[in-house]
Amino acid sequence: MANCPKCGYRLRLIDYKPECPKCGVNLMYYNMEERLAADADKAEAEHIRMQPRVDRLKAATIGSKYSIARLLLIFVPLGMLFLPLVQVTAQIPFSPINSSVSILTLVSDVVGNMNFDVLTKLFSSELLGTAFICYALAIVFVLLAAVICILNLVFVTLSCSLNNKGIKRNIALSSLGVLFMLGSIICYSVMNSKFSSLFADMYSGKVAFGSFLVILGFLLLIGINVLYVKKGVQV
């Protein structure tokens with residue numbers, strides 16, 4: 001059993017009243033003001049610890065017009081991935097193909113139904129090996145660019161630290177996004193050139209406007225982050 005907080009009397013099971021049987025103090029309300037003051041001190045200390053983080057979060061997201069503009073621009077490259085990235089036309093007998101490929105069709109139709117065993121065997125083909133390696137790399141680079149878009153959504157809330165490490169990280173991520181999309185365009189162009197030379201009357205393809213808009217979205221993000229630093233948004 002507990003002891004009386006005032007006199008130290010050891011309470012028994014039969015001591016059911018709210019008062020101490022020895023000194024008569026109310027056990028529930030004894031030192032209530034001191035306990036409330038201690039709880040208030042703890043709450044204030046927690047508030048002091050958390051408030052700088054809240055202030056940085058507000059500054060990074062809605063602290064200025066540059067923060068709001070950056071928050072909106074983060075969705076631009078991600079949205080552009082859903083536009084046509086490449087266009088493919090193949091005059092296959094009985095089943096001609098004329099379609100555009102976006103991140104949605106890439107994930108659901110291409111990656112979801114891809115036969116990786118056959119693809120890896122095609123990598124070693126003397127005739128089509130280079131084309132299919134570039135094909136696989138183009139897909140990987142687009143998927144990596146999509147990952148960069150998602151990471152940008154996560155890290156924007158951490159990008160207003162006092163030493164601007166978050167800004168540097170955002171610029172680095174967007175720069176990687178540009179490189180991944182450029183890599184995808186180059187790989188697809190090489191693949192397209194190989195297929196066109198081998199199947200001139202049956203195949204044609206081109207990079208669509210969506211790929212370039214994704215790059216533009218990443219460049220806009222880099223620009224707004226640089227502007228964010230130059231304008232010196234205060235926390």
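The values are calculated or read from the model by the stated rules, or taken from the named source; none is laboratory data. Just so it is clear, the model here is predicted, and its values are computed rather than measured. Cβ: placed from backbone, ideal geometry, glycine included. Neighbour counts: every protein chain shown. Protein only, heavy atoms only, side chains kept; ligands, DNA and RNA dropped before computing areas. Shrake-Rupley method; radii C 1.70, N 1.55, O 1.52, S 1.80 Å.
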Filter the stretch 40-69 down to residues that are modelled with pLDDT of 75 or more and among the hydroxyl-bearing types (Ser, Thr, Tyr) and give me whichever is most open to solvent (accessible area, probe 1.4 Å). Tyr66
What are the pairs with Cβ atoms under 8 angstrom where one residue, in the stretch 104-131, is within 20 Å of Tyr203 (Cα to Cα) and the other, located anywhere, is assigned to a helix (DSSP H, G or I) and modelled with pLDDT under 75? Sequence gap at least six, or different chains. Leu128/Leu122; Gly129/Leu122
Hits in the stretch 176-235 (condition: in a helix (DSSP H, G or I) and charged (D, E, K, R)): Lys194, Lys230, Lys231
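Could you identify the single residue in Leu119, Leu106, Leu72 that is modelled with pLDDT under 80 and part of a helix (DSSP H, G or I)? Give the steps one after another, and end with the answer.
Working: Leu106 fails: modelled with pLDDT under 80; Leu72 fails: modelled with pLDDT under 80.
Going through Leu119, Leu106, Leu72 in turn, the sole match is Leu119.
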Might you let me know whether the stretch 84-103 holds any residue that is in a helix (DSSP H, G or I) and either crowded, with 18+ Cβ neighbours inside 10 Å or modelled with pLDDT of 90 or more (or both)? yes
